[in-house]
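Heads up: the structure comes next, in structure tokens.
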Amino acid sequence: MRKKIVAGNWKMNLTSEEGQQLTTEIVNLYKGEAIQDVVVVLNPPFPHLYPVKKLVGDTAGIFVGAQNCSDKEGGAFTGEVSSKILASFGVSYVILGHSERRENFKEDQVVLATKINQALAHGLVPIFCCGESLEIRESGTHEETVKAQLTASLFHLSPGEFSKVVIAYEPIWAIGTGKTASAEQAQEMHAALRGHLATKYGDVIAAQIAILYGGSANPGNAKELFGKPDVDGGLIGGASLKSRDFIEIVKSF
Ligand code: PGA
């Protein structure tokens, strides 16, 4: 059985107080609703990681993740945060390859492969994002484009390393636009990606990898998306900033 995962990507939002309030509400709702079998990952901006981790405490099933890490091990890299530092603060996951970082910060496939290595070397679970632009979708080359993103940044990993990775398919045209991929479009891509993973790592490992969907997922569409056989959860942006919405998504399996 694959893990079911719902990760909240707070992006560059929330003050200290707001972040602590949101975390407290999510932890209370998660416990209160006795949610089981769904892993929740909270991915706040860096300064929130420590207080969020403290508030989550030893709540079974809730983990803390970063939104980025350095491709370097450590040293004179002002403003960067290494996987080693993140792990030492109890961070368990890290989002890598988000389209906002690929576009705004020019992160290419090579640097992403190095970040993946750094994350794995320090025991962080990478949530590796991939996805196509509207232009690529309309040209009909979306499957090969997204498969190539996986090949370029992940296929150097050994089978043992690769089995720790989580994948998030996020069509760029659906991120923050209110325009979700249909459940059929998500399933089609997820199945194609799983097939692609199988060509490199075999059916058994491919069947174990959680593939999340991201892009305007909300309490109204999560059930249908998560109902698809190859959709193992979601990477949630906007709707992760409201505790009730986020928990409704978590409960959508
Ligand atoms: P969204 O963002 O849910 O606000 O579309 C998803 C993401 O960028 O991870």
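Conditions: (1) outside any helix (DSSP H, G or I); (2) open to solvent by 30 Å² or more (accessible area, probe 1.4 Å); (3) within 14 Å of the ligand (Cβ to nearest atom). ASP245 meets all but one. Number of the miss?
Result: ASP245 passes all but (1).
Against the condition crowded, with 19+ Cβ neighbours inside 10 Å, among the β-branched types (Val, Ile, Thr) and either modelled with pLDDT under 95 or more than 24 Å from ALA66 (Cβ to Cβ) (or both), how does ILE175 come out, does it pass?
For ILE175, the condition - crowded, with 19+ Cβ neighbours inside 10 Å, among the β-branched types (Val, Ile, Thr) and either modelled with pLDDT under 95 or more than 24 Å from ALA66 (Cβ to Cβ) (or both) - is met.
Could you tell me whether the stretch 8-16 includes any residue that is over 25 Å from VAL165 (Cα atoms) and surrounded by 13 or more Cβ atoms within 10 Å (Cβ to Cβ)?
Yes, the stretch 8-16 contains at least one residue that is over 25 Å from VAL165 (Cα atoms) and surrounded by 13 or more Cβ atoms within 10 Å (Cβ to Cβ).
Kindly indicate the residue of the stretch 168-181 that is among the aliphatic types (A, V, I, L, M) and assigned to a loop (DSSP other than H, G, I, E, B) and also farthest from the ligand (Cβ to nearest atom) among those meeting that condition.
This residue is ALA181.
Restricting to the stretch 61-105, give me the number of residues that are part of a strand (DSSP E or B), open to solvent by 20 Å² or more (accessible area, probe 1.4 Å) and touching a residue at least 40 places away in the same chain (Cβ under 8 Å).
Of the residues in the stretch 61-105, 0 are part of a strand (DSSP E or B), open to solvent by 20 Å² or more (accessible area, probe 1.4 Å) and touching a residue at least 40 places away in the same chain (Cβ under 8 Å).
Please state which one of LEU225, LEU197, LEU193 is within 13 Å of the ligand (Cβ to nearest atom), in contact with a helix residue (DSSP H, G or I) (Cβ under 9 Å, 6 or more places away or on another chain) and in a helix (DSSP H, G or I).
From the options LEU225, LEU197, LEU193, the qualifying one is LEU225.
Scan the stretch 151-167 and give yes if some residue there is within 16 Å of the ligand (Cβ to nearest atom), open to solvent by 10 Å² or more (accessible area, probe 1.4 Å) and touching a helix residue (DSSP H, G or I) at 6+ places or on another chain (Cβ under 6 Å), otherwise no.
No, because not a single residue in the stretch 151-167 is within 16 Å of the ligand (Cβ to nearest atom), open to solvent by 10 Å² or more (accessible area, probe 1.4 Å) and touching a helix residue (DSSP H, G or I) at 6+ places or on another chain (Cβ under 6 Å).
Within the stretch 178-213, can you find the residues that are in contact (Cβ under 8 Å) with a residue 60 or more places away in the chain and either open to solvent by 40 Å² or more (accessible area, probe 1.4 Å) or over 22 Å from ILE95 (Cβ atoms) (or both)?
ALA207, GLN208
The values are calculated or read from the model by the stated rules, or taken from the named source; none is laboratory data. No experiment lies behind these values; they were computed from the predicted model shown. Glycine also receives a Cβ, built like all others from the backbone with ideal geometry; neighbour counts cover every protein chain displayed. Accessible surface is based on the protein model in full, side chains and every heavy atom, while ligands, DNA and RNA are left aside. Shrake-Rupley method; radii C 1.70, N 1.55, O 1.52, S 1.80 Å.
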